[in-house]
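To keep things clear, I will list the structure first and then write my remarks on it.
The values are calculated or read from the model by the stated rules, or taken from the named source; none is laboratory data. Keep in mind that what you see is a predicted model, and the values were worked out from it rather than measured. For neighbour counting, all protein chains shown are included, and Cβ atoms are generated from backbone atoms with ideal geometry for every residue, glycine included.
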Amino acid sequence: MNNWIGWALAIAAVVAGWFSYGWQGVVLAVSLVAFWLLLQFSRVMRLLQKAGSAPKGSVGSAVMLHTKLRDGMRLMDVIAIAGSLGIRVTEQPEVWRWEDEGGVGVELEFADGRCVRRTLTRPEAGDETAAA
C-alpha cells in the first residue's frame, strides 16, 4: 500500500472518531492506528529474524527465485520469497545478489525502494569443469 494512502486512512479514522464519539473516538482511532503499526513492525521483525538465520546471499534455487520475481517488488517482499538476506553488490544503483549452490545467481536493481531490473546469471562452462 502507498504510504500516503495509509496516512490518509489513519487521519480519516481520527476525524471519523472525533465526529462520531468525541474525544473517546479519537482515543479509539489512535489506539487502532498504533495497533496496526505494531502489527506491521512485528511482521517485519519476524521476516528479518527468519531471513537472518539463513546464510547471507544464499537461496535454494536461483532459477525458481527469478521466476517468482516481478518488477515493482519491494526489497522486503524479495527477502520473504528468497528466505535470506541478499548481498549488496553496489550502492548506486542499489543492486542486491542471491546465489544458489550451483553458482547460478540473481541480481536485482532497486530504485526508490522498488525492483526495476532483475538478471539471472549462470556460471560459465569453464567454471564447472574447474570446480569438478
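What do you reckon, is F35 out of contact with any helix residue (DSSP H, G or I) (no Cβ under 8 Å at 6 or more places or on another chain), assigned to a helix (DSSP H, G or I) and of a type in the set (F, W, Y)? Quick ask: steps written out before the conclusion?
Numbers: out of contact with any helix residue (DSSP H, G or I) (no Cβ under 8 Å at 6 or more places or on another chain): yes; assigned to a helix (DSSP H, G or I): yes; of a type in the set (F, W, Y): yes.
Considered against the rule, which asks whether it is out of contact with any helix residue (DSSP H, G or I) (no Cβ under 8 Å at 6 or more places or on another chain), assigned to a helix (DSSP H, G or I) and of a type in the set (F, W, Y), F35 comes out as yes.
Within the stretch 17-69, track down each residue that is farther than 28 Å from A80 by Cα and surrounded by 14 or more Cβ atoms within 10 Å (Cβ to Cβ). Please lay out each step first, then the result.
Within the stretch 17-69, the subset farther than 28 Å from A80 by Cα is 17-31.
Correct list: G17, W18, G25, V26, L28, A29, V30.
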Legend entry - Which listed residue, of I81, I11, I87, is at negative phi and over 22 Å from the mean Cα position of the chain (by Cα): I11
Inset, instruction - Just need a number here: residues in the stretch 43-72 that are in a helix (DSSP H, G or I) and within 14 Å of the chain's Cα centre (by Cα). - result: 12
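Just to verify a result, which residue in the stretch 73-82, among those that are assigned to a helix (DSSP H, G or I) and in contact with a Cys (Cβ under 9 Å, 6 or more places away or on another chain), is surrounded by the most Cβ atoms within 10 Å (Cβ to Cβ)?
Our first condition is that a residue be assigned to a helix (DSSP H, G or I); within the stretch 73-82, this holds for 75-82.
If we keep only those that are in contact with a Cys (Cβ under 9 Å, 6 or more places away or on another chain) as well, we get 75, 77-78.
Details: L75: 16, D77: 16, V78: 20.
Ranking the qualifying residues of the stretch 73-82, first place goes to V78.
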Inset, instruction - Could you grab the pairs with beta carbons closer than 8 Å, sequence gap of 6+ or different chains, first residue in the stretch 80-94 and touching a residue at least 60 places away in the same chain (Cβ under 8 Å), second one surrounded by fewer than 16 Cβ atoms within 10 Å (Cβ to Cβ) and of a type outside the set (G, A, S)? - result: none
Inset, instruction - Give just the number: which of (1) in contact with a Lys or Arg (Cβ under 7 Å, 6 or more places away or on another chain); (2) not assigned by TED's automatic domain parsing to the domain that holds W98 does A34 not satisfy? - result: (1)
Inset, instruction - Among the numbered conditions (1) farther than 30 Å from F19 by Cα; (2) of a type outside the set (S, T, N, Q); (3) at pLDDT below 95, tell me where W36 comes up short. - result: (1)
Inset, instruction - Check the stretch 54-75 and report whether any residue there is closer than 20 Å to G6 by Cβ and hydroxyl-bearing (S, T, Y). - result: no
